[in-house]
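Structure first, commentary second.
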Amino acid sequence: MKLVKRILLALLVLIVAVLGIAWLDGSTLSYDHSASVTGTVNAPPATVFAKIADVAHGPEWRPQVQSVTVASATPGHEVWTEDLGHGQQMSFLAVRNEPNIRRDVKLDDAGASYGGTWVYELSPGPTPGTTTLKITENGYIKPAIYRFVMKHVIGMTYNLNIYLKNMQAAFPG
């Protein structure tokens, strides 16, 4: 029985040490960050922009979004909440809208432990009828542990890559 207690105590000490190291490392990382991804979508800019701006139908092509509740559908200034399942809901606000060129969307939750703005920039793609889509996240992450996980485990472009891949899959060409 003493051996089991020693093993459990050693595991507890190891877990606390790993979490402490992660917290220390995360606390040295910048609170603010900027990350971008760029890819080609097999549809013209007007079609891609329409898909980005049509937030109500996001669950049809973004599998991680369970549902969307649109609070205000004022073109260019939409306000909506995405239900990502497992109790996570995120509210957004369109803050800049230049049809077929650019759209800026802000995470609209003052109490969130992370947030920022996603910038979608569209330009004609390398071949006719395609779009080059650049997505930039200008954000912040408050908890040091979250900063550690995003930087060293998940990657700063993880969510951006998912969105881009979902957009590309929506227009398989």
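The values are calculated or read from the model by the stated rules, or taken from the named source; none is laboratory data. Quantities reported herein were computed from a predicted structural model and do not represent experimental measurements. Here the Cβ positions follow ideal geometry from the backbone for every residue, glycine too, while neighbour counts run over all protein chains shown.
Only one of 69, 130, 117, 136 is free of Cβ contacts under 8 Å to residues at least 40 places away in the same chain, of a type in the set (Val, Ile, Thr) and within 20 Å of residue 39 (Cβ to Cβ); which?
117
Any residue at all in the stretch 126-144 that's under 14 Å from the mean Cα position of the chain (by Cα), closer than 17 Å to residue 49 by Cα and aromatic (Phe, Trp, Tyr)?
Checked against the condition, which is being under 14 Å from the mean Cα position of the chain (by Cα), closer than 17 Å to residue 49 by Cα and aromatic (Phe, Trp, Tyr), the stretch 126-144 yields no hits at all.
Select from the stretch 3-50 the residues that are in contact with a helix residue (DSSP H, G or I) (Cβ under 9 Å, 6 or more places away or on another chain) and within 30 Å of residue 131 (Cα to Cα) and list them in ascending order.
33, 35, 36, 37, 38, 39, 40, 41, 42, 43, 48
For residues that are in a helix (DSSP H, G or I) and either of a type in the set (Asp, Glu) or in contact (Cβ under 8 Å) with a residue 60 or more places away in the chain (or both), tally how many sit in the stretch 151-162.
5
At pLDDT below 95 and surrounded by 13 or more Cβ atoms within 10 Å (Cβ to Cβ): does that describe residue 122?
When the stated conditions are applied, residue 122 does not pass them.
With respect to residue 163, determine if the residue is under 12 Å from the mean Cα position of the chain (by Cα), over 28 Å from residue 24 (Cα atoms) and not hydrophobic (A, V, I, L, M, F, W, C).
yes
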